[in-house]
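The values are calculated or read from the model by the stated rules, or taken from the named source; none is laboratory data. Because the structure is predicted, anything quoted here is derived from the model rather than measured. Don't worry about glycine lacking a Cβ; one is built from the backbone with ideal geometry, like all the others, and counts go over all protein chains shown.
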Amino acid sequence: MPEDVPIIRMGPNLLVALQGNLDDTTVEQIERAVTGEVARTQATGTLIDVSGLSIVDSFVARVLARLVAMIRLLGAEATIVGLQPAVAITLVELGVPMGHVRTALNAEQGMARLRGSRDEPDR
Amino acid sequence: MGYGGVAVGGDVSYYQQMIDSITDYEVIRLDENGVICSWHPGAERLTGYTASEIVGRPVSVFYLPEDIAAGRLEQELRTAVEKGRCETEGYRVRKDGSRFWAAVSVTPIRERDGSMVGYVKIARDLSERREQQLAALAVEQMLDAITDYEVIRLDAQGYVRSWSPGAQRLKGFAVEEVLGHHVSMFYTEEDVRAGLAEREMGIAARQERFEGEGWRVRKDGSRFWATVTLSPIRDEGGELIGFVKVARDLTERREQEQLLARQRDEILELSTPVIQVWDKVLVLPLIGTLDSLRAARLTEGLLERIARDQAEVVIMDISGVPAIDTDVAQHLLKTVEAARLMGTVSVLSGVRPETAQAIVHLGIELGTLRSRNTLRDALQLALRLVAGADRDTVDA
Amino acid sequence: MSLTAEESVTTMTINGEADLLRIRAMLRAEAQLAGLGLTAETKLVTAGSELARNIVRYATHGQGTASVERLRSEGRRGVRAAFSDSGPGIADLDEVMRDGFSTGGSLGLGLPGSRRLVDEFAIDSAPGRGTTVVIAQWAR
């Protein structure tokens, strides 16, 4: 993961792609960059693209959950998009609680849902 | 009085001492009628009798009843006289009644003029060797009886020292074509280059056993998949003197298994097709009972299809499932959650009254999983969801 | 376990988080060699990542070893991986292996979860003796 975390702006929403090896340093960088950008742009939604993650163990799952929590605290919605099939069933079997995390098949679908979303209580 | 078939001149006592010093053998003298007239430390060791107990008794004391009845003793003495020597092997009996396998040689003693004086009988206990012989014979026979497997012996360097009918059947080579050749003649080129045979023998020598599978080559050049066991053979000192190699042809079985696996996959495909009924809507009709293997395959297949077709809604129709139990329900819920993590909403359809009762009675929590009685209703819901109706607040 | 053959065993030392990447790569390569299929491969590598991470987090100095082994039995291929450390060891194995166990909100050692991901799972641990977990995944 390069020093600067690439975050794409699409209207009122942001898109950040996570890939490769997520170690503590990288995670910190990502958290800083994303929260900073959400605040700076007043984004109402953030899409976290995980299609590049081929392994999501409990550490990575927690990273995702924390990122989502941070984004929400800033008043924006967060959606995980593009989780791979094998990773999805592995996460469920692993037993990491991800019930509170919003998901979408891809960035396009995620965007469509963000556009149509209203304020609603978190599940 | 001399010893041996040749009259011996010289100091009898010297020879006596020499003979007495032999303890592994018995060396005794019989008179012309086969009566024991001298004894020997080796003889005492071998049979358990002391001189005072045995001298003056006939040598038939050591023979088995059946041998006496068969006249073996007379035969041996006669042969000794006629041929100058009689060598036999057979059971003899000790003082305590126990038997031992002995190698016996009887030689006549003559006067200078050739008249018979008696016999010298030399005997040795061969019991141990005999047992080994019998055991080896039994093993050989047993191994030859095995034709499905090859059982061969290699020396410590891997050269073939024995062949078997099973080996011939398996590999096609006759014994003369393999004896003295290195075992790597049965390995594929790549494996020979990689030194596989040496590696396997190394493992067998180090760990007392090597078990493995691999390709081997027959005489006609064809390959087969074999399961191989190598066991080291050691001498009494623990030194490695060779290996026993047992191999079995698994090609047929492996092919059968692969065929079965392919058939199972095909059946699975056929019995649970994922159907795309609408743009972005998939239906998975579950039919029959779900064992865990089948259930896992179904889930994998469904999730792959979701990714491929980018399906936003999946309808899982369970009208074809006879009974819903906790395992089935749990697996269903896992599949639903995995689909959700991917961004897909699931709808359960074909829920019959009995199923509804069972689910509640079992205490299965469906959570936010939507369900409908008929496929048609499920489809209507699916279309509304795809059209953009709020997925999170649509009536469950 | 059924008849197995040891064709090659690779052992790696675990000294820190940086080694997790290597271990995952190793597991993935062996999984592909064994023809496990993507889902079984993903499950195996994930379980391995969990177990290796446990070592980094809980073992003495975060050190331990991971060894990966090829399996072959009756025409099927598989992968076995053993994760060992000489850390504090686990006092109550039953507790730790029970589903729902967690130390303070997190998933704890995540052992029940890892067990669900693999075909074979064995754990040996006791206070003062360290911990060894052995997992195996087979091609269908």
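Look at (1) in contact (Cβ under 8 Å) with a residue 60 or more places away in the chain; (2) at positive phi and you find that A:Gly20 fails only one, number (1). Any idea how many residues of region C:126-139 are more than 15 Å from C:Ala52 (Cα to Cα) and surrounded by 14 or more Cβ atoms within 10 Å (Cβ to Cβ)? Final tally of qualifying residues: 3. If we scan region B:99-110, do we find a residue that is charged (D, E, K, R), touching a residue at least 24 places away in the same chain (Cβ under 8 Å) and loosely packed, with under 14 Cβ neighbours inside 10 Å? The answer is yes, given that some residue of region B:99-110 is charged (D, E, K, R), touching a residue at least 24 places away in the same chain (Cβ under 8 Å) and loosely packed, with under 14 Cβ neighbours inside 10 Å. For region B:301-310, the set of residues classified as within 8 Å of chain A (Cβ to nearest Cβ) and among the hydrophobic types (A, V, I, L, M, F, W, C) consists of B:Leu303, B:Ile306, B:Ala307, listed by residue number.
Of all residues in region C:84-103, one or more are surrounded by 19 or more Cβ atoms within 10 Å (Cβ to Cβ) and at pLDDT 90 or above. Taking residues in region B:286-303 that are closer than 14 Å to A:Ala88 by Cβ, and partners anywhere that are surrounded by fewer than 19 Cβ atoms within 10 Å (Cβ to Cβ) and modelled with pLDDT of 85 or more, not one pair has Cβ atoms closer than 7 Å while being at least 6 places apart or on different chains. Among the residues of region B:201-232, those identified as within 13 Å of chain C (Cβ to nearest Cβ) and among the hydroxyl-bearing types (Ser, Thr, Tyr) are B:Thr227, B:Thr229.
Every condition in (1) surrounded by fewer than 21 Cβ atoms within 10 Å (Cβ to Cβ); (2) closer than 30 Å to B:Ala307 by Cβ; (3) touching a residue at least 60 places away in the same chain (Cβ under 8 Å) is met by C:Ser73 except one, and the failing one is (2). Kindly provide the set of residues from region C:47-88 that are within 14 Å of chain B (Cβ to nearest Cβ) and within 17 Å of C:Gly16 (Cα to Cα), ordered by number. Passing the criteria: none in range.
Inclusion of A:Val27 among residues that are of a type in the set (A, V, I, L, M, F, W, C) and surrounded by 21 or more Cβ atoms within 10 Å (Cβ to Cβ) is not warranted. The number of residues in region B:178-196 being surrounded by 15 or more Cβ atoms within 10 Å (Cβ to Cβ) and of a type outside the set (Ser, Thr, Tyr) comes to 8. Considering (1) at pLDDT below 90; (2) away from chain A (no Cβ under 12 Å); (3) not in a strand (DSSP E or B), the lone condition that B:Ser319 does not fulfil carries the number (3).
Yes/no per residue for (1) touching a His at 6+ places or on another chain (Cβ under 8 Å); (2) more than 28 Å from B:Glu198 (Cα to Cα); (3) more than 11 Å from every other protein chain (Cβ to nearest Cβ):
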| position | (1), (2), (3) |
| --- | --- |
| C:Leu21 | no, yes, no |
| C:Ala31 | no, no, yes |
| C:Ala40 | no, yes, no |
| C:Ile90 | no, yes, yes |
| C:Asp94 | no, yes, yes |
| C:Met97 | no, yes, yes |
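Screening B:Gly166 with (1) buried (at least 18 other Cβ atoms within 10 Å of the Cβ); (2) within 14 Å of chain C (Cβ to nearest Cβ); (3) not aromatic (Phe, Trp, Tyr) gives one miss only, at (2).
Please work out which residue is nearest to the chain's Cα centre (by Cα), limiting yourself to region B:156-185 and to residues that are closer than 18 Å to B:Trp215 by Cα and not in a helix (DSSP H, G or I). It comes out as B:Gly158.
Of all the listed residues (C:Gln32, C:Gln63), the sole one being in contact with a helix residue (DSSP H, G or I) (Cβ under 9 Å, 6 or more places away or on another chain) and buried (at least 16 other Cβ atoms within 10 Å of the Cβ) is C:Gln63.
The residues listed here are B:Leu286, B:Leu303, B:Leu293; of these, the one that is under 30 Å from A:Leu114 (Cα atoms) and either within 52 Å of the chain's Cα centre (by Cα) or in a helix (DSSP H, G or I) (or both) is B:Leu303. Here A:Arg62 does not fit the description of being at pLDDT 95 or above, under 24 Å from A:Pro97 (Cβ atoms) and among the charged types (D, E, K, R).
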